[in-house]
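**Student:** Supplied in structure tokens, the structure appears directly below.
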Amino acid sequence: MGGERPYVLRQTRDGRDSRAPSMKVLVTGHHGYIGSVTAPMLLEAGHEVTGLDTFFYEGCDFLEDAVDFPTLRMDIRDVTTELLEAFDAIVHLAALSNDPLGELDEELTREINLRGTVELARKAKEAGVQRFVFASSCSMYGASGTEELMTEDAPLRPLTAYAESKVRAEEALSGLADGDFAPVFMRNATAYGASPRVRFDVVLNNLAAWAFTTGKVLIMSDGTPWRPLVHVRDIAAAAEAALVAPVERVANQAFNVGANSENHRVRDLADIVSETFPDCEIEYAEGAGPDPRSYRVDFSKLAETLPDATPTWTARAGARELLDAFRSVGLTSSGFDLYTRLSRLKTLVADGSLDDELRWQHAHERA
Ligand SMILES: NC(=O)c1ccc[n+]([C@@H]2O[C@H](COP(=O)([O-])OP(=O)(O)OC[C@H]3O[C@@H](n4cnc5c(N)ncnc54)[C@H](O)[C@@H]3O)[C@@H](O)[C@H]2O)c1
């Protein structure tokens, strides 16, 4: 009945052809840093993509969006089961993303990142959506206190409301997993790289933006913390790989998303930036001390289970990409406000555009 399902045809890294079903995918947070790279990549792979976003960062464009696709202007807290019935899979990126933003209001971080996620997943399951690819984070390893590489089974030591929200969301989603509902937890390393909605509150982009706009590579800690990094395009490719992999290979499992060779100390990232950006020097911010968030991560499971998702970018190549992108848009220091999430949301709350629960106040003006 109904003939064969549409499929996407791709070449694997070792040059073989592979077929995977084309899916109807809802990408939440499609308008964010990672989403504005992931949604076009899923489209390009042959999936039917719909975006859903509340558009906190409307107007904060760094590069033009390359493609058009259907989108819903909606808060994840308002999504209904009926709406989700149209989809085979959800790539759930919408969140108050990253440690500093989590400090805006810890309760809101719990409401959106934890309760919002769990409710979305519960309704998705009710609606018959089988796959739920969840953007989790390596920041849940927190303060590893060791140089050892953290595998997915390592103890979780979240240090911030943001990291805690990801730990608890994974636990709750895992509780929903069964033969009909397959959540997958993509524990992404810290992202870097160009995107239509670039961010300067992630370490490599931050150092690069300082270098370009001021000639100083400003380090906010003593430079010793370890941070694993991954390019936004590699995050997007890993999400797609998780989406189309045989379900038994990924269901209810966590994957660290990154590469073992891309665990860096912040001071080494500063060196990479100062070697890439002309005429700049490294400077430590006044009073910079140790940052307790320090962890090195083992990414072997991703490489073994989803070999096509093995990252291809390095921080050094990413720094070069950023330099080219900053030159092409003529970046100035005003970019720091536009591309830093905390300052953007604080402005929207202060001028009354968003209420205390981060709901838009003048919906009619924004339709
Ligand atoms: N950027 C990183 O380094 C990184 C690392 C690990 C994990 N992650 C995770 O990846 C996901 C995407 O991160 P990002 O860097 O693209 O974040 P981002 O802040 O750039 O984008 C998030 C998007 O979600 C939307 N959003 C937020 N709350 C919403 C709500 N209640 N309803 C609807 N839309 C909402 C925002 O408008 C925004 O467009 C997040 O879940 C984040 O925690 C990011």
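**Student:** Could you tell me which residue of the range 193-220 is farthest from the ligand (Cβ to nearest atom), considering only residues that are more than 22 Å from Ile34 (Cα to Cα) and under 23 Å from the mean Cα position of the chain (by Cα)? Working first, answer last.
**Tutor:** Taking the range 193-220 and keeping what is more than 22 Å from Ile34 (Cα to Cα), we get 211-220.
Add one more test, that the residue is under 23 Å from the mean Cα position of the chain (by Cα), and what stays is 219-220.
On the way: Ile219: 18, Met220: 16 Å.
Taking the candidates together, the pick is Ile219.
**Student:** Another question about this same structure. Which condition from (1) under 14 Å from Thr305 (Cβ atoms); (2) among the hydrophobic types (A, V, I, L, M, F, W, C); (3) at pLDDT 95 or above; (4) more than 15 Å from the ligand (Cβ to nearest atom) is the one that Ala238 breaks?
**Tutor:** For Ala238, the failing item is (4).
**Student:** If Pro155 meets every condition in (1) part of a helix (DSSP H, G or I); (2) more than 13 Å from the ligand (Cβ to nearest atom) apart from one, which number is that one?
**Tutor:** The failed condition is (1).
**Student:** List the pairs whose first member sits in the range 86-108 and is at negative phi, whose second member is within 11 Å of the ligand (Cβ to nearest atom) and charged (D, E, K, R), and whose Cβ atoms are under 7 Å apart, counting only residues at least 6 apart or on separate chains?
**Tutor:** Final answer for the pair search is Ala94/Asp53; Ser97/Arg341; Pro100/Asp201; Leu101/Arg341; Leu108/Glu357.
**Student:** Can you tell which of Thr224, Thr146, Thr160 is at pLDDT below 95 and under 23 Å from Ile34 (Cα atoms)? Full working, then the answer.
**Tutor:** Values: Thr224 fails: under 23 Å from Ile34 (Cα atoms); Thr146 fails: under 23 Å from Ile34 (Cα atoms).
Just one listed residue meets the conditions, Thr160.
**Student:** Counting only residues that are of a type in the set (D, E, K, R) and closer than 25 Å to Ala238 by Cα, which one in the range 86-110 is surrounded by the fewest Cβ atoms within 10 Å (Cβ to Cβ)?
**Tutor:** The qualifying residue surrounded by the fewest Cβ atoms within 10 Å (Cβ to Cβ) is Asp88.
**Student:** Follow-up question, since we're still on this one. When you scan the range 44-51, do you find a residue that is surrounded by fewer than 23 Cβ atoms within 10 Å (Cβ to Cβ), in contact with a Phe, Trp or Tyr (Cβ under 8 Å, 6 or more places away or on another chain) and modelled with pLDDT under 95, even just one?
**Tutor:** yes
**Student:** Same structure, new question: Of the conditions (1) closer than 21 Å to Tyr33 by Cα; (2) more than 10 Å from the ligand (Cβ to nearest atom), Gly175 satisfies every one except a single condition; which number is it?
**Tutor:** Of everything listed in (1) closer than 21 Å to Tyr33 by Cα; (2) more than 10 Å from the ligand (Cβ to nearest atom), Gly175 misses just condition (1).
**Student:** While we're here: Inspect all residues belonging to the range 264-276 and state whether any of them is outside any loop (DSSP other than H, G, I, E, B), within 14 Å of the ligand (Cβ to nearest atom) and within 22 Å of Ala20 (Cβ to Cβ).
**Tutor:** No, that holds for no residue.
**Student:** Follow-up. Exactly one of (1) exposed (fewer than 15 other Cβ atoms within 10 Å of the Cβ); (2) in contact (Cβ under 8 Å) with a residue 24 or more places away in the chain is unmet by Ala319. Its number?
**Tutor:** (1)
**Student:** Right, another one. Restricting to the range 328-366, what's the tally of residues that are in a helix (DSSP H, G or I) and without any contact (Cβ under 8 Å) to a residue 60 or more places away in the chain?
**Tutor:** Result for the range 328-366: 9.
Per-residue answers, yes or no, for (1) out of contact with any strand residue (DSSP E or B) (no Cβ under 9 Å at 6 or more places or on another chain); (2) without any contact (Cβ under 8 Å) to a residue 24 or more places away in the chain; (3) farther than 16 Å from His92 by Cα:
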residue	(1), (2), (3)
Glu126	yes, no, yes
Val129	no, no, no
Val133	no, no, no
Met140	no, no, yes
Ala143	no, no, yes
Leu149	no, no, yes
Glu152	no, no, yes
Arg157	no, yes, yes
Ala161	yes, no, yes
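**Student:** Does the range 181-234 hold any residues that are among the small types (Gly, Ala, Ser) and part of a strand (DSSP E or B), and which are they? Full working, then the answer.
**Tutor:** Start the filter on the range 181-234 by keeping residues that are among the small types (Gly, Ala, Ser), which leaves 182, 189, 191, 193-195, 208-209, 211, 215, 221, 223.
Across the range 181-234, the qualifying residues are Ala182, Ala191.
**Student:** Could you please let me know if Asn256 is polar (S, T, N, Q) and within 16 Å of the ligand (Cβ to nearest atom)?
**Tutor:** yes
**Student:** Could I ask something else about it? Would you pick out the residues in the range 242-263 that are β-branched (Val, Ile, Thr) and part of a helix (DSSP H, G or I)?
**Tutor:** First, pick out the residues of the range 242-263 that are β-branched (Val, Ile, Thr): 244, 247, 250, 257.
Answer for the range 242-263, where residues must be β-branched (Val, Ile, Thr) and part of a helix (DSSP H, G or I): Val244, Val247, Val250.
**Student:** Among the residues that make up the range 297-304, is at least one of them assigned to a loop (DSSP other than H, G, I, E, B), over 20 Å from the mean Cα position of the chain (by Cα) and at pLDDT 95 or above? Lay out the reasoning, then the answer.
**Tutor:** Pass one, the range 297-304, residues assigned to a loop (DSSP other than H, G, I, E, B): 298-299.
Next, from what is left, pick out any that are over 20 Å from the mean Cα position of the chain (by Cα): none.
No, the range 297-304 contains no residue that is assigned to a loop (DSSP other than H, G, I, E, B), over 20 Å from the mean Cα position of the chain (by Cα) and at pLDDT 95 or above.
**Student:** Tell me yes or no: at least one residue of the range 249-271 is over 27 Å from Val91 (Cβ atoms) and without any contact (Cβ under 8 Å) to a residue 24 or more places away in the chain.
**Tutor:** yes
The values are calculated or read from the model by the stated rules, or taken from the named source; none is laboratory data. Values in this document were obtained by computation on a predicted structure and should not be read as measured data. Methodologically, a virtual Cβ is constructed for each residue, glycine included, from the backbone with ideal geometry; neighbour enumeration extends over all protein chains shown.
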